[in-house]
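The values are calculated or read from the model by the stated rules, or taken from the named source; none is laboratory data. Keep in mind that what you see is a predicted model, and the values were worked out from it rather than measured. Don't worry about glycine lacking a Cβ; one is built from the backbone with ideal geometry, like all the others, and counts go over all protein chains shown. Please note that ligands, DNA and RNA were not included when accessible areas were found on the heavy atoms of the full protein model with its side chains. Shrake-Rupley method; radii C 1.70, N 1.55, O 1.52, S 1.80 Å.
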Amino acid sequence: MRLKNTFYVIGGGGAFLVFAVPLLWALFRSVQPNDVMVAAPDGKTFFDLTWDNFRTLIEGPGNLIRAVGNSLIVAISTAILTALLATFAGYGFARFRFRSGPVLFALVVVSMMIPFQAILTPLYLEMNVLRLTDSLLGLVLFYTTVNLPFGVFVMRNSFASVPVELEDSAQVDGCGTFRMLGSVLRPLITPGAATVALYAFLAAWTEFLGALTFLTKDELYTLPVALVNVQAGAYGEINFGSLVAGSVIAMIPCVVLYVGLQRFYVSGLASGAVKG
(Lines give C-alpha, C1' and ligand atoms only; values in the text may rest on other atoms or scores of the structure.)
Protein backbone atom coordinates (compact mmCIF):
# COMPACT_ATOMS: atom_id res chain seq x y z
CA MET A 1 0.00 0.00 0.00
CA ARG A 2 2.85 2.38 0.84
CA LEU A 3 4.50 1.71 -2.54
CA LYS A 4 1.18 2.33 -4.28
CA ASN A 5 0.75 5.65 -2.49
CA THR A 6 4.30 6.59 -3.44
CA PHE A 7 3.52 6.01 -7.11
CA TYR A 8 0.36 8.12 -6.75
CA VAL A 9 2.35 10.97 -5.21
CA ILE A 10 5.05 10.78 -7.88
CA GLY A 11 2.47 10.66 -10.68
CA GLY A 12 0.43 13.49 -9.22
CA GLY A 13 3.52 15.59 -8.60
CA GLY A 14 4.74 14.99 -12.16
CA ALA A 15 1.36 15.95 -13.61
CA PHE A 16 1.32 19.09 -11.45
CA LEU A 17 4.75 20.10 -12.70
CA VAL A 18 3.78 19.51 -16.32
CA PHE A 19 0.85 21.92 -16.03
CA ALA A 20 2.12 24.35 -13.39
CA VAL A 21 5.65 25.04 -14.63
CA PRO A 22 4.55 26.60 -17.97
CA LEU A 23 2.05 28.82 -16.13
CA LEU A 24 4.63 29.95 -13.59
CA TRP A 25 7.16 30.52 -16.35
CA ALA A 26 4.67 32.68 -18.25
CA LEU A 27 4.00 34.71 -15.10
CA PHE A 28 7.72 35.22 -14.56
CA ARG A 29 8.42 36.22 -18.15
CA SER A 30 5.49 38.65 -18.18
CA VAL A 31 7.26 40.86 -15.63
CA GLN A 32 10.55 40.94 -17.54
CA PRO A 33 11.42 43.87 -19.81
CA ASN A 34 11.09 43.15 -23.51
CA ASP A 35 14.80 43.68 -24.21
CA VAL A 36 15.65 41.07 -21.55
CA MET A 37 13.22 38.56 -23.05
CA VAL A 38 14.67 38.76 -26.56
CA ALA A 39 18.32 38.89 -25.43
CA ALA A 40 20.55 35.97 -24.51
CA PRO A 41 20.23 34.89 -20.85
CA ASP A 42 22.29 37.13 -18.64
CA GLY A 43 22.61 36.54 -14.92
CA LYS A 44 22.84 40.26 -14.22
CA THR A 45 19.60 41.34 -15.92
CA PHE A 46 17.58 38.11 -16.04
CA PHE A 47 15.91 38.83 -12.69
CA ASP A 48 15.23 42.51 -13.34
CA LEU A 49 11.45 42.50 -12.95
CA THR A 50 9.06 45.29 -13.87
CA TRP A 51 5.36 45.94 -14.41
CA ASP A 52 6.01 47.97 -17.55
CA ASN A 53 4.54 45.28 -19.82
CA PHE A 54 1.17 45.41 -18.08
CA ARG A 55 1.34 49.19 -17.86
CA THR A 56 1.97 49.40 -21.60
CA LEU A 57 -1.04 47.21 -22.34
CA ILE A 58 -3.35 49.17 -20.06
CA GLU A 59 -2.18 52.68 -20.98
CA GLY A 60 -1.26 52.01 -24.62
CA PRO A 61 -3.37 52.65 -27.72
CA GLY A 62 -4.43 49.00 -28.08
CA ASN A 63 -7.60 49.37 -25.98
CA LEU A 64 -6.85 46.10 -24.20
CA ILE A 65 -9.24 46.87 -21.35
CA ARG A 66 -12.08 47.27 -23.83
CA ALA A 67 -11.04 44.03 -25.54
CA VAL A 68 -11.15 42.24 -22.19
CA GLY A 69 -14.63 43.64 -21.59
CA ASN A 70 -15.78 42.49 -25.03
CA SER A 71 -14.39 39.02 -24.40
CA LEU A 72 -16.11 38.83 -21.02
CA ILE A 73 -19.44 39.89 -22.52
CA VAL A 74 -19.16 37.38 -25.35
CA ALA A 75 -17.85 34.48 -23.23
CA ILE A 76 -20.33 34.88 -20.36
CA SER A 77 -23.28 35.33 -22.72
CA THR A 78 -22.20 32.30 -24.74
CA ALA A 79 -21.84 30.17 -21.60
CA ILE A 80 -25.29 31.11 -20.28
CA LEU A 81 -27.10 30.77 -23.60
CA THR A 82 -25.39 27.47 -24.46
CA ALA A 83 -26.16 25.98 -21.04
CA LEU A 84 -29.83 26.99 -21.24
CA LEU A 85 -30.41 25.73 -24.78
CA ALA A 86 -28.44 22.54 -24.15
CA THR A 87 -30.46 21.86 -21.00
CA PHE A 88 -33.80 22.15 -22.77
CA ALA A 89 -32.63 20.18 -25.81
CA GLY A 90 -31.00 17.51 -23.66
CA TYR A 91 -34.17 17.09 -21.63
CA GLY A 92 -36.19 16.70 -24.82
CA PHE A 93 -33.88 14.06 -26.25
CA ALA A 94 -33.69 12.16 -22.96
CA ARG A 95 -37.35 12.16 -21.95
CA PHE A 96 -39.55 12.63 -25.01
CA ARG A 97 -39.95 9.77 -27.46
CA PHE A 98 -40.56 10.77 -31.08
CA ARG A 99 -39.87 9.00 -34.35
CA SER A 100 -37.03 11.19 -35.58
CA GLY A 101 -35.40 11.56 -32.15
CA PRO A 102 -32.54 9.07 -32.63
CA VAL A 103 -31.78 10.43 -36.10
CA LEU A 104 -31.70 14.04 -34.87
CA PHE A 105 -29.47 13.14 -31.93
CA ALA A 106 -27.15 11.25 -34.29
CA LEU A 107 -26.93 14.39 -36.45
CA VAL A 108 -26.06 16.40 -33.35
CA VAL A 109 -23.24 13.99 -32.52
CA VAL A 110 -21.99 13.98 -36.13
CA SER A 111 -21.94 17.79 -36.20
CA MET A 112 -19.41 17.70 -33.34
CA MET A 113 -16.93 16.16 -35.78
CA ILE A 114 -17.17 19.01 -38.31
CA PRO A 115 -14.83 21.93 -37.53
CA PHE A 116 -16.45 25.30 -38.06
CA GLN A 117 -13.40 26.37 -40.08
CA ALA A 118 -14.62 24.05 -42.85
CA ILE A 119 -17.88 26.00 -43.18
CA LEU A 120 -16.61 29.44 -42.26
CA THR A 121 -17.33 31.00 -45.65
CA PRO A 122 -21.06 30.05 -45.80
CA LEU A 123 -21.37 31.02 -42.14
CA TYR A 124 -19.99 34.46 -42.91
CA LEU A 125 -22.33 34.90 -45.89
CA GLU A 126 -25.32 33.87 -43.78
CA MET A 127 -24.43 36.16 -40.91
CA ASN A 128 -23.78 39.01 -43.33
CA VAL A 129 -27.27 38.60 -44.80
CA LEU A 130 -28.72 38.62 -41.27
CA ARG A 131 -26.64 41.74 -40.47
CA LEU A 132 -24.91 39.99 -37.58
CA THR A 133 -21.35 40.77 -38.62
CA ASP A 134 -19.52 43.47 -36.66
CA SER A 135 -21.78 42.63 -33.74
CA LEU A 136 -21.06 41.05 -30.37
CA LEU A 137 -24.55 39.55 -30.48
CA GLY A 138 -23.72 37.83 -33.76
CA LEU A 139 -20.49 36.50 -32.26
CA VAL A 140 -22.40 35.15 -29.25
CA LEU A 141 -24.90 33.39 -31.52
CA PHE A 142 -22.05 31.99 -33.61
CA TYR A 143 -20.17 30.62 -30.58
CA THR A 144 -23.39 29.22 -29.12
CA THR A 145 -24.15 27.38 -32.35
CA VAL A 146 -20.65 25.91 -32.49
CA ASN A 147 -20.66 24.75 -28.85
CA LEU A 148 -24.27 23.59 -28.71
CA PRO A 149 -23.74 20.03 -30.08
CA PHE A 150 -21.32 19.17 -27.28
CA GLY A 151 -23.65 20.75 -24.74
CA VAL A 152 -26.66 18.79 -25.99
CA PHE A 153 -24.65 15.57 -25.88
CA VAL A 154 -23.57 16.14 -22.27
CA MET A 155 -26.99 17.28 -21.03
CA ARG A 156 -28.85 14.47 -22.78
CA ASN A 157 -26.65 11.93 -21.00
CA SER A 158 -26.97 13.83 -17.72
CA PHE A 159 -30.77 13.62 -17.87
CA ALA A 160 -30.56 9.97 -18.94
CA SER A 161 -28.66 9.17 -15.73
CA VAL A 162 -31.53 10.53 -13.59
CA PRO A 163 -34.17 7.88 -12.68
CA VAL A 164 -37.49 8.44 -14.42
CA GLU A 165 -39.30 7.44 -11.23
CA LEU A 166 -38.17 10.69 -9.63
CA GLU A 167 -40.02 12.70 -12.27
CA ASP A 168 -43.06 10.43 -12.04
CA SER A 169 -43.29 11.11 -8.30
CA ALA A 170 -43.00 14.85 -8.89
CA GLN A 171 -45.73 14.75 -11.54
CA VAL A 172 -48.04 12.89 -9.16
CA ASP A 173 -47.56 15.76 -6.70
CA GLY A 174 -48.63 18.21 -9.42
CA CYS A 175 -45.19 19.44 -10.48
CA GLY A 176 -45.03 20.91 -13.99
CA THR A 177 -42.16 20.57 -16.46
CA PHE A 178 -40.47 23.90 -15.77
CA ARG A 179 -40.87 23.58 -12.02
CA MET A 180 -39.47 20.07 -12.22
CA LEU A 181 -36.43 21.32 -14.10
CA GLY A 182 -35.88 24.19 -11.69
CA SER A 183 -36.57 22.44 -8.38
CA VAL A 184 -36.37 18.67 -8.69
CA LEU A 185 -33.82 18.02 -11.43
CA ARG A 186 -31.63 21.09 -11.07
CA PRO A 187 -29.41 19.74 -8.24
CA LEU A 188 -28.88 16.50 -10.17
CA ILE A 189 -27.96 18.07 -13.52
CA THR A 190 -25.87 20.95 -12.13
CA PRO A 191 -22.55 19.15 -12.86
CA GLY A 192 -23.55 18.64 -16.49
CA ALA A 193 -24.75 22.23 -16.89
CA ALA A 194 -21.57 23.55 -15.27
CA THR A 195 -19.50 21.43 -17.64
CA VAL A 196 -21.34 22.84 -20.65
CA ALA A 197 -21.05 26.42 -19.39
CA LEU A 198 -17.34 26.08 -18.61
CA TYR A 199 -16.60 24.46 -21.96
CA ALA A 200 -18.51 27.17 -23.84
CA PHE A 201 -16.86 29.96 -21.83
CA LEU A 202 -13.34 28.69 -22.47
CA ALA A 203 -14.07 28.11 -26.16
CA ALA A 204 -15.49 31.62 -26.62
CA TRP A 205 -12.80 33.28 -24.49
CA THR A 206 -9.89 31.81 -26.45
CA GLU A 207 -11.36 31.65 -29.97
CA PHE A 208 -9.55 33.75 -32.57
CA LEU A 209 -10.46 32.89 -36.17
CA GLY A 210 -14.21 33.46 -35.86
CA ALA A 211 -13.74 36.79 -34.08
CA LEU A 212 -11.18 37.89 -36.67
CA THR A 213 -13.57 36.95 -39.50
CA PHE A 214 -16.81 38.45 -38.18
CA LEU A 215 -15.41 41.59 -36.53
CA THR A 216 -13.71 44.45 -38.37
CA LYS A 217 -14.16 47.36 -35.94
CA ASP A 218 -11.41 47.98 -33.39
CA GLU A 219 -13.86 48.79 -30.62
CA LEU A 220 -15.47 45.34 -30.98
CA TYR A 221 -12.29 43.25 -30.99
CA THR A 222 -12.09 40.47 -28.43
CA LEU A 223 -8.93 39.77 -26.44
CA PRO A 224 -7.34 37.15 -28.78
CA VAL A 225 -7.68 39.49 -31.76
CA ALA A 226 -6.41 42.48 -29.78
CA LEU A 227 -3.35 40.53 -28.64
CA VAL A 228 -2.38 39.86 -32.25
CA ASN A 229 -2.25 43.62 -32.77
CA VAL A 230 0.19 44.08 -29.88
CA GLN A 231 3.13 45.07 -32.09
CA ALA A 232 5.60 47.92 -32.12
CA GLY A 233 8.41 49.17 -34.32
CA ALA A 234 8.67 50.33 -37.89
CA TYR A 235 9.03 46.82 -39.25
CA GLY A 236 6.30 45.17 -37.23
CA GLU A 237 8.62 43.84 -34.55
CA ILE A 238 6.62 41.96 -31.95
CA ASN A 239 6.78 43.23 -28.39
CA PHE A 240 7.12 39.88 -26.67
CA GLY A 241 6.90 41.41 -23.20
CA SER A 242 3.49 42.93 -23.86
CA LEU A 243 2.36 39.81 -25.69
CA VAL A 244 3.24 37.52 -22.79
CA ALA A 245 1.63 39.92 -20.33
CA GLY A 246 -1.54 39.90 -22.44
CA SER A 247 -1.47 36.11 -22.49
CA VAL A 248 -1.29 36.09 -18.70
CA ILE A 249 -4.29 38.43 -18.53
CA ALA A 250 -6.17 36.08 -20.86
CA MET A 251 -5.15 33.10 -18.77
CA ILE A 252 -6.41 34.39 -15.41
CA PRO A 253 -10.21 33.99 -15.95
CA CYS A 254 -9.70 30.52 -17.42
CA VAL A 255 -7.68 29.30 -14.45
CA VAL A 256 -9.99 30.89 -11.86
CA LEU A 257 -13.14 29.56 -13.50
CA TYR A 258 -11.75 26.07 -13.99
CA VAL A 259 -10.51 25.81 -10.40
CA GLY A 260 -13.86 27.05 -9.10
CA LEU A 261 -15.91 24.62 -11.21
CA GLN A 262 -13.46 21.72 -11.29
CA ARG A 263 -15.56 19.32 -9.23
CA PHE A 264 -18.64 20.03 -11.36
CA TYR A 265 -16.60 19.72 -14.56
CA VAL A 266 -15.15 16.31 -13.69
CA SER A 267 -18.43 14.84 -12.43
CA GLY A 268 -20.28 16.30 -15.41
CA LEU A 269 -17.93 14.68 -17.90
CA ALA A 270 -18.21 11.40 -15.98
CA SER A 271 -22.02 11.47 -16.05
CA GLY A 272 -21.94 12.23 -19.75
CA ALA A 273 -19.69 9.27 -20.44
CA VAL A 274 -21.38 6.54 -18.38
CA LYS A 275 -24.82 6.45 -19.90
CA GLY A 276 -25.92 7.16 -23.44
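Odds and ends about this structure:
- Inter-label distance, nm, simple model (7 Å from Cα along the C-beta direction), ASN229/ILE58: 2.1 nm
- Ordering of 44-52, 65-73 by burial proxy (mean other Cβ atoms within 10 Å per residue, highest first): 65-73, 44-52
- The residues GLU126, GLU219, GLU167, sorted by heavy-atom accessible surface at 1.4 Å with ligands and nucleic acids left out, run GLU126, GLU219, GLU167 from largest to smallest.
- The simple Förster model, with R0 at 45 Å and r as the Cβ-Cβ distance, assigns PHE96 and PHE28 a FRET efficiency of 0.25.
- Contact order normalised by residue count of the chain, Cα under 8 Å, 6+ apart, percent: 31 percent
- Ordering of 76-88, 26-38 by packing [mean C-beta count within 10 Å, highest first]: 76-88, 26-38
- Each of the peptides 92-103, 182-193 was scored by the mean count of other Cβ atoms within 10 Å over its residues; in descending order, highest first, they stand as 182-193, 92-103.
- Distance in nm between pseudo-label sites at TRP51 and ARG131 (7 Å out along the Cβ direction from Cα): 4.5 nm
- The mean sequence distance of close C-alpha pairs (under 8 Å, at least 6 residues apart), as a share of the length of region 119-259, puts its relative contact order at 27 percent.
- Here the spin labels are modelled as points 7 Å beyond Cα on the Cα-Cβ line, and at ALA106 and VAL255 they lie 4.6 nm apart.
- With every protein chain in place, the chain: carbon and sulfur % of accessible area (1.4 Å): 68 percent
- Residue-span extension gain [ASP35 to ARG66] - 0.36 nm each, minus C-alpha spacing: 8.4 nm
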